[in-house]
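Remarks on the structure that follows.
The values are calculated or read from the model by the stated rules, or taken from the named source; none is laboratory data. Note that the coordinates shown come from a computational prediction; the quantities given were computed from them, not determined experimentally. Positions of Cβ are backbone-derived with ideal geometry, glycine not excepted, and every protein chain shown enters the neighbour counts. The area values use the complete protein model at the heavy-atom level, side chains included, leaving out ligands, DNA and RNA. Shrake-Rupley method; radii C 1.70, N 1.55, O 1.52, S 1.80 Å.
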Amino acid sequence: MDFKPTHIEGLIIINPNVYDDKRGYFFESYNQSTFKINGLKLNFVQDNESFSQKGVLRGLHFQAPPYEQGKLVRVIQGSVLDVAVDIRPNSPTYGQHKSIILSGKNKTQFWIPPGFAHGFLTLEKNTIFCYKCTGPYNKSSEGALLWSDPQLNINWNIKQPIVSSKDQEAELFEHFKSPF
């Protein structure tokens, strides 16, 4: 596995070693020892999976302490534009984001530690997105930033994605008080 830090401290792009042949492919998507060697001592407690049609935007979600979550995300089928926004107020990159294309073809994974809002836009029909979480879901600690917030300036490259009513009513960054 190849671990590549990004310009935002804590966000890591992970490219597994994929073994292809005429039968198909094999790769190790997670190995505790390999992650530990690369500085990631993680304890995953929950796996989630979503299925979405093309043009669905989910996010930008986070969970506040003490129920914060780190997420190791990847796409099994289809592709997404995946986005993480730094919401750690003491970070030099507070309010900045990193976007990356994750797909069933490239097998790239993205490590998003606690202290980030996360969302994705499906780029293909029948996209299956999965993520391992370091904390369980807790409804009372969930939060969200508005996906289309002009201050965040995320280029989703779509005018009208399919968005839940809950995500359409998320908070603007200028009014946001980070719990991290």
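Structural remarks
- Every pair of residues 6+ apart whose Cβ atoms lie under 7 Å, when the first sits in segment 1-21 and is more than 18 Å from Ile37 (Cα to Cα) while the second is open to solvent by 70 Å² or more (accessible area, probe 1.4 Å) and not hydrophobic (A, V, I, L, M, F, W, C): Ile8/Gln96; Val18/Tyr25; Tyr19/Tyr25
- Scoring Leu11 on the criteria (1) over 16 Å from Gly104 (Cα atoms); (2) out of contact with any Pro (no Cβ under 6 Å at 6 or more places or on another chain); (3) open to solvent by 40 Å² or more (accessible area, probe 1.4 Å) leaves a single failure, condition (3).
- Selected residue (criterion: farthest from Phe129 (Cα to Cα)) from residues of segment 16-47 that are in a strand (DSSP E or B) and open to solvent by less than 40 Å² (accessible area, probe 1.4 Å): Gly24
- Filter pass, Pro92 being in a loop (DSSP other than H, G, I, E, B) and in contact with a Gly (Cβ under 7 Å, 6 or more places away or on another chain): no
- Pairs meeting the criteria (first residue in segment 64-86 and part of a strand (DSSP E or B), second residue acidic (Asp, Glu) and open to solvent by 20 Å² or more (accessible area, probe 1.4 Å), beta carbons under 7 Å, at least 6 apart or on different chains) are Ser79/Glu124.
- Among the candidates Lys54, Lys4, the residue that is within 15 Å of Trp111 (Cα to Cα), touching a strand residue (DSSP E or B) at 6+ places or on another chain (Cβ under 9 Å), modelled with pLDDT of 95 or more and open to solvent by 50 Å² or more (accessible area, probe 1.4 Å) is uniquely Lys4.
- Condition met for Gly135 (in contact (Cβ under 8 Å) with a residue 60 or more places away in the chain, at positive phi and either part of a loop (DSSP other than H, G, I, E, B) or not charged (D, E, K, R) (or both)): no
- For Lys132, the criteria (1) surrounded by fewer than 19 Cβ atoms within 10 Å (Cβ to Cβ); (2) within 23 Å of Glu49 (Cα to Cα); (3) not hydrophobic (A, V, I, L, M, F, W, C) hold in every case but one, which is (1).
Yes or no, residue by residue, for (1) surrounded by 13 or more Cβ atoms within 10 Å (Cβ to Cβ); (2) in contact with an Asp or Glu (Cβ under 7 Å, 6 or more places away or on another chain); (3) of a type in the set (Phe, Trp, Tyr):
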residue	(1), (2), (3)
Lys125	no, no, no
Leu145	yes, yes, no
Pro150	no, no, no
Ile154	yes, no, no
Ile158	yes, no, no
Pro161	yes, no, no
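- Scanning segment 89-111 for residues that are touching a strand residue (DSSP E or B) at 6+ places or on another chain (Cβ under 9 Å), open to solvent by less than 60 Å² (accessible area, probe 1.4 Å) and of a type outside the set (A, V, I, L, M) returns Thr93, Gly95, His97, Lys98, Ser99, Ser103, Gly104, Lys107, Thr108, Gln109, Phe110, Trp111.
- Note on segment 105-125: residues that are assigned to a loop (DSSP other than H, G, I, E, B) and touching a Gly at 6+ places or on another chain (Cβ under 6 Å) total 3.
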